[in-house]
Every structure is written in C-alpha cells, then in structure tokens.
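Novice: Quick one: this structure, given as structure tokens, is what I'll be asking you about.
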Amino acid sequence: MKILVVNAGSSSLKYQLIDMDGEKELAKGLVERIGIEGSRLKHSAGEKSTVVEEAIPDHEAAAQLMLKILQDPEYGVIRSTDEIGAVGHRVLHGGNKFTASMLVNADVKAAIRECFPLGPLHNPANLMGIEACEKVMKGTPQVAVFDTAFHQTMPPKAYMYGVPKMYEEKLHVRRYGFHGTSHRYVSRWVCEFLGISPIGKKIIICHLGNGSSLSAVMDGKCQDTSMGLTPLEGLLMGTRCGSCDPAVVQFMANNPLKEDGTPLGHPISVDEVLNIMNKKSGLLGISGKSSDCRDIDDLAAAGDENAILAQEMLVYGIKKYIGSYAAAMGGVDIICFTAGIGENNDALRAKVIEGLEFMGAELDPEKNKGRGEKVISKDGSKVTVCVIPTNEEIMIARDTLDLVTTGKVRDH
Ligand code: ADP
C-alpha cells in the first residue's frame, strides 16, 4: 500500500509518499507560503525535482496541487489518487486524550479542536491539513499521529507542575512533551539496531534540531521529557530560550528593550514576551547572529564570544538533563543522539559526553567522527552511546498502515 504522510503548518504543507512494500520513499515535497504572495511547491521524486510557482490561496488548493504533481506525467509517481491507500497526518497536540495514533473521525477532529488552546499555532493548521485532504481525497482513510502521544506514559510526578492542582484538573495545565514520534522511533530502533529488547533498558534520547528535547525511556516507555505544556520548556534551542525562572516573564514584560538594547519605555504583554522567548531567543538570542548550529560553530571557531557562550549553554543544558534522567531512572544503559544537530554535529556530541565517564559513558573519538547510524562509545563502555537518524515519516506511515489494515497500532 502507498501511504501519503502530511505535515501541515499554518502556511505550509510538507508531504511524503511512501510505498509500504519495502518502506520506500517515492516522492516528497513542500508547499510554501500558502495564502501569501510568492507561494510555491517544491517537489522531488528520486533524481527528478521541480518547483511550481503559482497562487495557492489555502490548504485545499495546496492539497490539490500536491495530488496534481504526484500524478504529473514527468514528475509524478502515481497514475491515480486511488493508489494512495491512506493519509497519515502529523498533529502537534493531542492533550491527554490520545495515547496512540487514531483513525480520523468526527470525534477525533473535535478533540484536535479542543486542543487548539494548547497548540494554538499548530493544531488549527494540522486540522486544516486533515480537512483539505478529506475534501480532495474523498473516502481515503485519514490518520492522526500525535507528537504528544508517546509521552502519555509519564507518571504524574513527572508531568505535574507545582501550581495549584485545579489548573491541571480543570484546564489540563501539565507537561505533555513533543517530538514523541521521533523519541518513539529512535527508542525502538536503537534496540533493534543493537539486537536487544527494550525491556529492562534505560535509554536517554537526545533529539537535537531547531527544536530540541530529551526523553527518559525505561522498558520502552517514556518516563520523562524536557518539553512541557508547550515546546518552549527544556533545552536552549534555535530560537527558543528553554527553561527559565517563570518570573523572568513578568520582569521582561515590565522592562522591555528595543532591538538596539535601549528601554522601550512602556510595558509589553505576556504574549509579546513569549514571542521573544519562542522566536528571538536561544542560539539566535545569545549569539545575536544565527539560530543555526552550523553558523554558531563557524562563529565560535572564529572566536566570537557570544557564539562560544551559546554553544557552552547548549552543551551544559544537555549534560544536566542526561544527569538528571540517569538519576531519575537509577542509571542509564543507552544514550542516543538524533535530529539535525544530534546526527551531524560530532564535535557537539563529543562535548556532551566528555566528563560523563564517571557514570560509565566513554566516547570513542574515531567512531564518533562523521554521520550515520552507529555506536560511538568505546568497546566496553558501560553506557552505549549511539547515533540513530530519526524518521518520523516512516513512523507515521507505519501507524497509518496498521490502523487501516488491522484497526490497531503495533508497538513498532
Ligand atoms: P527541525 O527541528 O527544524 O526539524 P533539524 O532536525 O533539521 O531541525 O535540525 C536543524 C539543526 O541541525 C540546525 O541547527 C543545523 O545547524 C543542524 N544541522 C543540520 N544539518 C547539519 C549538518 N550537515 N551538519 C551540522 N549541523 C547540521
């Protein structure tokens, strides 16, 4: 069966068509600037690629264009949309309602809508993506795969915040965690890769990309994760500040600064502070130059002190989470690096593991060099350190196939 994987953002729609017979990617693409001037589609299938520039007013038009290019005589890979057996959608927030992926029906859509306040930027866009595909592919099953689902096994002591309990009971204010599909994929695949069972194993996954999160996984189940009610909590990220004293929000709201560092002269709202914390902080805010870790590395190598500080803060934060998760689980057997930074930045991996010999993690500098799926710790290191490239799309496609063929999601 061919499965289409869709990740809809507020002005974008990413897709990948996967042939589940052999799990081969047939085509992928990105519709950008939906509803904005300059909208376009970038599409590739094997060696061939193309860009289509035309007005794309809404998500339905984006879905139409995606189907058109997938059937294009030159760049397409299918003759008819009937070849698409089902569509799997990435959905950011499932609140505390979803512990696994779901076949989309009216109740599931209503629940995604109920989670709008928890994921105000993503959930409305994700639902638009689902509804657009329903319209242009009438009768094709749609599946929702939630970024939060894998983390629903966290115990209350890990997911509760220390605010009055009624906020959790009435308004569901608690830790949810994100990147769940990636954490699930990597925590499963690393065990297959090492030829071991996840049962009895304590694993720390470091998903380090533009957005970054760590998770503590024991017996294959998530025990804790660094992102919270929203993806803002936890590590320093590309443009997000990560965890800080909540009182900083009030202080910044009362004493805001202009871009040039001079006082703005009047208070700003909490929403405006959160905008700074989400979009102007992290590597970008500390370096003042870039949110991209490659640029930070180049700047640091050239002696830029702010870039060096940003690098140090990122590494220090990852180390602290590894230490705390090892303590929380009573040890750690495997540490896994994944996503853009985790998979590609061997120098950062080395800095993170440096100094963790006391807990049995010893890096092999030769094995750590370069990319790809591999063990990077020394033979005999008590903790096995690995790089596992993530593949959220394949996980979404597998869940989708399971749900449309058996009605149940396997633990794959
Ligand atoms: P997203 O969270 O948007 O999916 P990614 O997982 O693609 O992000 O990660 C983006 C980060 O990964 C950037 O900071 C970038 O510098 C880093 N990165 C991506 N590719 C490479 C590479 N080949 N070498 C070093 N760093 C990389």
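Only the coordinates and a few stated rules stand behind these numbers; no lab work does. Remember, predicted model here, so these are calculated numbers, not experimental data. Backbone-built Cβ (ideal geometry, glycine too); neighbour counts: all protein chains shown.
Novice: Taking 0.36 nm per residue of sequence separation and subtracting the Cα-Cα distance, how much length would be gained by fully extending the chain between K378 and F193, in nm to one decimal? Mind showing how you got there, number by number?
Specialist: Values: separation 185, 0.36 × 185 = 66.60 nm, distance 1.68 nm.
Extra length from K378 to F193 when fully extended: 64.9 nm.
Novice: Indicate the gyration tensor shape class of region 355-412 (rounded, prolate or oblate), computed on the Cα atoms with a ≥ b ≥ c the square roots of the eigenvalues: a/c under 1.5 is rounded; otherwise a/b larger than b/c is prolate and the rest oblate.
Specialist: Working: a/c = 4.79, a/b = 2.65, b/c = 1.81.
Prolate shape, in that a/c is at least 1.5 and a/b is the bigger ratio.
Novice: For Y161 and L257, FRET efficiency with R0 = 30 Å and r from the beta-carbon atoms, rounded to 0.05?
Specialist: With R0 = 30 Å, the Cβ-Cβ based efficiency is 0.60.
Novice: Using the Kyte-Doolittle scale, which helices in the chain average at least 0.0 and also have C-alpha atoms spread 24 Å or more along the helix axis, with helices defined as whole DSSP H runs? Please report the intermediate quantities before stating the final value.
Specialist: Numbers: long enough: 305-329 (36 Å, 0.43).
Taking the DSSP H segments of the chain (at least 24 Å long, mean hydropathy at least 0.0), we get 305-329.
Novice: What does a probe at N105 reach in region 127-161, counting residues whose amide N is under 16 Å from the point 7 Å along Cα→Cβ?
Specialist: 139-144
Novice: If you build a Gaussian network model of the chain, linking Cα atoms that sit under 10 Å apart, which residue out of Y316, Y185, Y159 swings the most?
Specialist: Result: Y316 has the largest fluctuation of those listed.
Novice: Next up: Please give the FRET efficiency for N210 paired with M1, using the beta carbon to beta carbon distance and R0 = 35 Å, rounded to the nearest 0.05. Don't skip to the answer; put the middle values down first.
Specialist: Working: r = 32 Å, r/R0 = 0.91.
The computed FRET efficiency comes out at 0.65.
Novice: Express in % the proportion of alpha carbon pairs of region 166-317 at distances exceeding 23 Å. Intermediate values should be presented prior to the final figure.
Specialist: Numbers: 5602 of 11476 pairs.
More than 23 Å apart: 49 percent of the Cα pairs in region 166-317.
Novice: When a/c reaches 1.5 or more, the comparison of a/b and b/c decides; with that in mind, is region 1-131 rounded, prolate or oblate per its Cα gyration tensor? Can you show the working numbers first?
Specialist: Numbers: a/c = 2.38, a/b = 1.36, b/c = 1.74.
It is oblate, given that a/c is not under 1.5 and a/b is not larger than b/c.
Novice: Follow-up. Between N96 and D21, what is the label-point separation in nm under the 7 Å Cα-to-beta-carbon projection?
Specialist: 4.5
Novice: Under the classification rounded if a/c is under 1.5, otherwise prolate if a/b is larger than b/c and oblate if not, where does the chain fall, given a ≥ b ≥ c as square roots of the Cα gyration tensor eigenvalues?
Specialist: On the way: a/c = 1.43, a/b = 1.21, b/c = 1.18.
The shape class here is rounded.
Novice: Starting from the 7 Å offset along Cα-to-Cβ, what nm value, one decimal, do you get for the label separation of K280 and T153?
Specialist: 4.1
Novice: Going down the list K68/K109; K289/K374; K258/K280, which pairs span over 22 Å between their C-alpha atoms? Could the numbers behind the result be given before it?
Specialist: On the way: K68/K109 26 Å; K289/K374 33 Å; K258/K280 12 Å.
Check vs 22 Å cut-off fails for K68/K109; K289/K374.
Novice: Counting only C-alpha contacts under 8 Å and six or more residues apart, can you give the relative contact order of the chain as a whole percent?
Specialist: Values: 861 pairs, mean separation 56.2, N = 412.
Computed over the chain, the figure is 14 percent.
Novice: Which lysines have a Cα less than 20 Å from the Cα of K165, not counting those fewer than 8 places away in the same chain?
Specialist: K97, K157
Novice: While we're on this one: Connecting C-alpha atoms closer than 10 Å in a GNM of the chain, tell me which of I36, I205, I335 has the biggest fluctuation.
Specialist: I36
Novice: First measure r as the distance between the Cβ atoms of E83 and K48, then evaluate 1/(1 + (r/R0)^6) with R0 = 30 Å and state the FRET efficiency to the nearest 0.05. Numbers along the way, then the final one.
Specialist: On the way: r = 18 Å, r/R0 = 0.61.
Using R0 = 30 Å, I get an efficiency of 0.95.
Novice: Report the residue, chosen from R174, R40, R79, that carries the largest GNM mean-square fluctuation when the chain is represented by alpha-carbon nodes joined by springs under 10 Å.
Specialist: R79
Novice: If you keep only loop residues by DSSP, which GluC sites (Glu not before Pro) in region 32-112 have at most 15 other Cβ atoms within 10 Å of their Cβ? Mind dumping the intermediate values first?
Specialist: Details: sites: E32, E37, E47, E53, E54, E60, E74, E83; in loops: E37, E47, E54, E74.
For GluC sites (Glu not before Pro) across region 32-112 that sit outside H, G, I, E and B with at most 15 neighbouring Cβ atoms in 10 Å, the list reads E37, E47, E54, E74.
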